[in-house]
Amino acid sequence: MRASLLQIDVNEGESVESRRGRVASLVKEQAGAADLVVLPELWTTGAFAYEAFADEAEPLEGPTCEVMGKAASDAGVWLHAGSIPERDPDGPLYNTSLVFSPSGELAAAYRKIHRFGFDKGEAVLMSAGEELVTVRLPETVLGLGTCYDLRFPELFRGLVDAGAETLVVPAGWPERRRAHWTLLAQARAVENQAFVLACGTAGTHAGVPQAGHSIVVDPWGEVLAQAGAGEQVLTVEFDPGKVAVTRDQFPALKDRVLGLAPPRH
Ligand SMILES: NC(=O)CCC(=O)C(=O)O
């Protein structure tokens, strides 16, 4: 199976509309080169461009959905189109990831569960998702997480319990915490014996330099490929069968002990 992670440069010098068109062209260029294409978190606005969230928020089946569904079908690929600021018909905003089938159908939407910013930014502007989401592809089962979710191992363990074999994490991760990004991507892969496909943004938006360094890790924790800092298409070939082989040969997931008693003191 081949996956292409599109590490997009997100900056205020380019309009949302122009970036949407440019990203659609990049997706279409993956025809024949990839089975699965992955985009970053909030690439229309930038994950830290908090003032733009409300203005650029769109319904689930809005302009980004339309353009990305067409790009997926033109390219004939599964497309994890990163996330958009979604406006729910009832009013609240969500940081919502979209996955399209090769025929351009919206196959899944995942509302980010852990919002970043503590008592500022996304954490107060967006509402939290509540549901884990997996997507069955012919070759593997995707488990969806978004950016800050990467710090919460229980979310990914829940996805693995639901059958996930390939964990896909679009992000807008800052350069300042790049070491955490690489370490956490490898940790989630090793502990879950799963592939991790983590796609970040490049450039600087809202004054926050982005880490780039999108990464693909195998179920043994080996880094199969890692991008540099700038805009880049990172294409990698991987064998989804390696998940079952790793879980069979080193069956640590079977040794989990659930429902531990709390300490007595
Ligand atoms: N957009 C995000 O979720 C940023 C997460 C982040 O900066 C961190 O976890 O560190």
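FYI, it's all coordinate maths here, none of it is from the lab. What you see is a predicted model, and the numbers here were worked out from it, not measured in a lab. Every residue, glycine among them, receives a Cβ derived from its backbone with ideal geometry; neighbour counts consider all protein chains shown.
Please report the net charge: other residues with Cβ closer than 12 Å to the Cβ of residue 192, K and R +1, D and E -1.
Values: positive: 157, 188, 247, 256; negative: 154, 161, 165, 191, 218.
Around residue 192, the surrounding residues sum to -1.
Distance in nm between label sites at residue 90 and residue 70, each 7 Å beyond Cα in the beta-carbon direction?
3.2
At residue 180 and residue 123, where each label point lies 7 Å from the Cα along Cα→Cβ, what is the point-to-point distance in nanometres?
1.1
Quote the relative contact order of the stretch 1-131 in percent (integer), defining contacts as alpha-carbon pairs under 8 Å separated by 6+ residues.
Numbers: 257 pairs, mean separation 28.0, N = 131.
Relative contact order comes out at 21 percent.
Sort out the exposed loop chymotrypsin sites (Phe, Trp or Tyr not before Pro) in the chain (DSSP loop, at most 14 other Cβ within 10 Å) and tell me the longest stretch that has none. List each step's numbers first, then the result.
Numbers: sites that count: 118, 220.
That gives 1-117 as the longest site-free run.
From the phi of every residue in the stretch 101-106, what ³J(HN,Hα) in whole Hz does the Karplus formula 6.51 cos²θ - 1.76 cosθ + 1.60 yield, where θ is phi - 60° and glycine or proline is x?
Per-residue couplings from phi come out as 7, x, 9, x, 6, 6 Hz.
What list of ³J(HN,Hα) values in whole Hz, one per residue of the stretch 131-136 in order, does the Karplus curve 6.51 cos²θ - 1.76 cosθ + 1.60 (θ = phi - 60°) give from phi, with Gly and Pro shown as x?
With the stated coefficients, the stretch 131-136 comes to 10, 6, 9, 10, 9, 8 Hz.
Run lengths n ≥ 4 of DSSP H only: what is the helix-derived mean residue ellipticity at 222 nm for the chain, with -39500 (n - 2.57) per run over all residues, to the nearest 500? Intermediate values should be presented prior to the final figure.
Values: 7 runs with 69 residues, N = 265.
Helix contribution divided over all residues of the chain: -7500 deg cm²/dmol.
Taking R0 as 41 Å, what's the FRET efficiency between residue 103 and residue 250 from their Cβ-Cβ distance, rounded to 0.05? Intermediate values should be presented prior to the final figure.
Values: r = 38 Å, r/R0 = 0.92.
Once the sixth-power term is evaluated, E becomes 0.65.
Consider a paramagnetic label point 7 Å from the Cα of residue 235 along Cα→Cβ; state which residues of the stretch 25-61 have an amide N under 15 Å from it.
Answer for the stretch 25-61: 26-38.
What lysines does residue 120 reach when the alpha-carbon gap must be under 22 Å and sequence neighbours fewer than 8 apart in one chain are set aside?
Straight-distance partners of residue 120: 112.
Take residue 242 and residue 131, extend 7 Å from each Cα along the Cα→Cβ direction, and tell me the distance between the two endpoints in nm.
Each label point is offset 7 Å from its Cα along the Cβ direction, giving 3.2 nm.
Please tell me the relative contact order of the chain in percent, rounded to the nearest whole number, where contacts are Cα pairs under 8 Å and at least six residues apart. List each step's numbers first, then the result.
Values: 624 pairs, mean separation 51.7, N = 265.
Reported as a whole number, the value is 20 percent.
Hey, can you grab everything whose amide H is under 5 Å from the amide H of residue 146? Only 5+ residues off in sequence or another chain; H modelled, so Pro and N-termini drop out.
Amide H to amide H, under 5 Å and 5 or more residues apart or across chains, residue 146 pairs with 113.
Rounded to the nearest 5, what % of DSSP beta bridges with both residues in the stretch 2-250 are antiparallel? Please list the in-between numbers first.
Working: 30 of 46 bridges.
Expressed as a percentage, antiparallel bridges in the stretch 2-250 total about 65.
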